[in-house]
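The values are calculated or read from the model by the stated rules, or taken from the named source; none is laboratory data. All values reported here derive from a predicted model rather than from experimental measurement. Cβ atoms come from the backbone with ideal geometry, glycine included; neighbour counts cover every protein chain shown. Please note that ligands, DNA and RNA were not included when accessible areas were found on the heavy atoms of the full protein model with its side chains. Shrake-Rupley method; radii C 1.70, N 1.55, O 1.52, S 1.80 Å.
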Amino acid sequence: MMAGSDGFDLLLSGGSVVTMDEGRRVLEPGAVGIRGQRIAFVGSPAAVPGGARREIDCTGKAVLPGFVDCHTHLFQGLARGIGDGMSLWPWLCDFMWPYSAAITAAEAAGAARLGSVEAVRAGITTVMDNHYSPADLETTMAVAEAIEGVGLRGIVARGIFGALTPVAKEHGLAESLFRFDDREDVAITREAMARRPPGSHVAVWPAPINVIYNSQEVVQACVELARDLGTGWHTHCSEAKADPDIYLEAYGIRPVAWLDREGLLGDGATIAHAIWLDDDEVKAVGRTATGISYNPISNQYLASGVMRLGDLRRAGAIVGLGTDGPGCGHRQDPFEQVKQSMLLQRVHTLDASTPAAEEALELATREGARSLGIDAGVLAEGKLADVAVVDLERPHLTPRNRTVATLAYSARGSDVVMTIVGGEVVYADGRCTNVDEADVMAEAQVRSDELIERAGLSRLRIPWRREPPR
């Protein structure tokens, strides 16, 4: 594509351009020209047509699509560093539910701002933030504004609990989180979606919090709302090993089988975890091209299990990677997720050949964007200019025998030197361009201290000890 009389707004030239296109092309050296919010050229530096208002020499750097975080909980960031050593349900009941019940709107917005800063510094350009506390309308809007204020693209998937169900009550979910009945919860979400409709830089989607513990009626209402307003929807499902059995006992059918029977899969459905699926459920998710968020660090941290990545992808599911938030794994580093997405599968299947580095990077970029319906994730003409630039001239990235492998196995978030979202540089030269990082961190520390004390979680700051084996 020719640059036209005005040339490019930004030209990244001379780096290793990892396109993530269908041909898995790596251009060494390559160039990426950006005009407005879109990519206008990808090719050899020698073939760049016209000039640019700003040109950046990317020699010694990798240029790749920005990462897509398909599942996070930014409000949990004020609890970073505590809650370890627990499996999923103790982690929820003894730590996260009390935290979620105590957090205020200002604290949630501060946590979202901090998490967004961490994300752009690591090359993440889009987040799916499953925000569920506090989930009133104004807090939901404040969280979306905090994310957008840092410069991220994203979705606030508003967590919907609805009325307390017998299943939720029997299994110890915090009743304080069930603040609205089904109709009220859906109505709040509809208003939030009206304020941030499809096409917004940060949009709102409905998110029944967990298929296992929501009523079937509220799940159906959420899907109907999403389809009515032209968005996707998001939920947790089958994260814990016991979840499918709990659902089967309550309703006489497995959860994903029920979603399939009711016609709720596909068409914008995105599911976090989906670890404990049987063969028929894997086929259903694949047949409907449902989006799945694979969260390898979280799944190890909580000892939840290993997702059937190969089976799901072969069946046709659209699988992206998620961090599951700073409260569950403690870091939002997409390179860490990429590496662990491979290693966890290999040790589980005892097959060192799969997934390959190229596939893991695809999950974090192209496939994540497909799952969320974002026109990004690939460096190609016409795509949104969501880009990460990684400094390769570092000891742990030297020598560079294969750029993709270097990125997948050796790079880390702190190697990112520039993040671009929709053509706007939101992180460069060691700082965010839209917010004062020092102010964001200082506020987060003060709010964390107050929140942890108020939630009665100070005991979790004491070093965790267990008696050594005899």
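In the chain, the DSSP beta bridges split such that about 45 percent are antiparallel, to the nearest 5.
Note on segment 261-296 and segment 14-71: Cα centroid distance 33 Å, given to the nearest whole angstrom.
Residues whose amide H comes within less than 5 Å of that of GLY377, counting only those at least five positions distant or on another chain, are GLY66, ASP386 (H built at 1.01 Å from N in the peptide plane).
What pairs in LYS241/LYS339; LYS61/LYS283; LYS241/LYS383 have C-alpha atoms more than 29 Å from each other?
Correct reply: LYS61/LYS283; LYS241/LYS383.
Inter-part distance, segment 205-250 to segment 417-455, computed on C-alpha centroids, equals 32 Å. Probing with 1.4 Å while keeping every protein chain in the model, the per residue accessible area of the chain equals 38 Å². Loop-located GluC sites (Glu not before Pro) in segment 189-295 (DSSP state not H, G, I, E or B) with no more than 16 neighbouring Cβ atoms inside 10 Å: GLU262.
Here is how the number arises for the chain: DSSP H runs of 4 or more residues each give -39500 (n - 2.57), the sum is divided by the residue count, and the result at 222 nm is -10000 deg cm²/dmol.
Could you please put SER133, SER353, SER44 in sequence from largest to smallest accessible area, using a 1.4 Å probe? All intermediate terms of the calculation are to be shown ahead of the outcome.
On the way: SER133 0, SER353 85, SER44 55 Å².
Ranking SER133, SER353, SER44 by accessible area, largest first, yields SER353, SER44, SER133.
Relative contact order of the chain: 21 percent, from C-alpha pairs under 8 Å at least 6 residues apart in sequence. When a 1.4 Å probe is rolled over the protein heavy atoms, the share of accessible surface on segment 303-382 that falls to carbon and sulfur comes to 52 percent.
When a/c is below 1.5 the answer is rounded, else prolate if a/b is larger than b/c, else oblate, so apply that to segment 19-92 with a ≥ b ≥ c taken from the square roots of the Cα gyration tensor eigenvalues. Prolate, because a/c is 1.5 or more and a/b exceeds b/c. Over segment 1-107, Cα pairs under 8 Å with separation of 6+ residues give a relative contact order of 27 percent.
Surface composition of segment 11-56: carbon and sulfur atoms hold 47% of the protein heavy-atom accessible area at a 1.4 Å probe. Summed over all non-identical Cα pairs, the Kirkwood treatment of segment 87-151 gives a radius of 12.6 Å. Using the alpha carbons alone, the radius of gyration of segment 184-267 stands to its Kirkwood radius in an Rg to Rh ratio of 1.01.
The residue among SER304, ILE253, ALA221 whose Cα reaches farthest toward the positive pole of the charge dipole of the chain, with charges on the beta-carbon of Lys, Arg, Asp and Glu, is SER304. Taking amide H positions as modeled 1.01 Å from N, with prolines and chain starts lacking one, the residues under 5 Å from ASP9 and 5 or more places away or on another chain are ILE34, ARG35, GLY36, ARG53. The Stokes-Einstein estimate for segment 116-256, based on a Kirkwood radius over Cα pairs and taken at 10 °C with 1.306 mPa s viscosity, is a diffusion coefficient of 102 µm²/s.
Ratio of Rg to Rh for the chain: 0.96 [Cα atoms; Kirkwood radius as inverse mean 1/r over pairs]. In terms of its alpha-carbon gyration tensor, segment 242-310 comes out oblate; a/c meets the 1.5 threshold, while b/c is at least as large as a/b.
Taking a ≥ b ≥ c as the square roots of the eigenvalues of the Cα gyration tensor, an a/c ratio of 1.5 or more together with a/b no larger than b/c marks segment 379-430 as oblate. Measuring spread by the Cα atoms of segment 47-145 yields a radius of gyration and Dmax of 18.5, 60 Å.
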